[in-house]
Amino acid sequence: MTQPIALLDGPLWPYLALMLFAVLPTEIWRWLAVGFARGLSNDSPLLEWVRAVATALLAGIVAKLMVSPPGALAAAPALVRVAALAAASVVMLLDRRRMMLAVLVGEAILIGGVWLFAAG
């Protein structure tokens, strides 16, 4: 019987597996994209298409979360979810540079709405 490799037999194995099977496969594509995008201008049709696809994917995910929420989000009434999305959207429309503020406003309304409906 062969002896196990010490690194693979210890408590660090899950971290090594995470790096090998999760981080490296995705990071390779990110670095390739960065290298490829260096030659593109911000007004390039290819970059506009990539932005449109990314926006469509994000809109699809948000719509799925609104219609059929998973886990603890399912406990939030639909009205509270819609109000949180609307408030975050308003903050983003007012100032596009404050994305974190929009996220925090949406979260605050979601948490406050769930708390309000649970207390009442």
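Bear in mind these aren't lab numbers, they're just calculated from the coordinates by the rules spelled out. From a predicted model like this one, the values you see are computed outputs, not experimental measurements. Here Cβ is always computed from backbone atoms with ideal geometry, including for glycine, and neighbour counts include all displayed protein chains.
What does the charge dipole of the chain about its Cα centre add up to, to the nearest 20 debye, if the Cβ of each Lys and Arg holds +1 and the Cβ of each Asp and Glu holds -1?
Magnitude of the dipole: close to 260 debye.
Work out how far the C-alpha atoms of the stretch 70-120 reach from end to end along every principal axis, then list the three figures in whole Å, largest first.
35, 22, 15 Å, listed from the longest principal axis down.
How much length is gained on full extension from ALA86 to ARG30, taking 0.36 nm per residue of separation minus their Cα-Cα distance?
Gain on extension, ALA86 to ARG30, equals 17.0 nm.
Please list, in order, the residues from the stretch 15-36 whose amide nitrogen is less than 19 Å from a point placed 7 Å along the Cα→Cβ vector of ALA54.
26-36, by backbone N distance to the label point.
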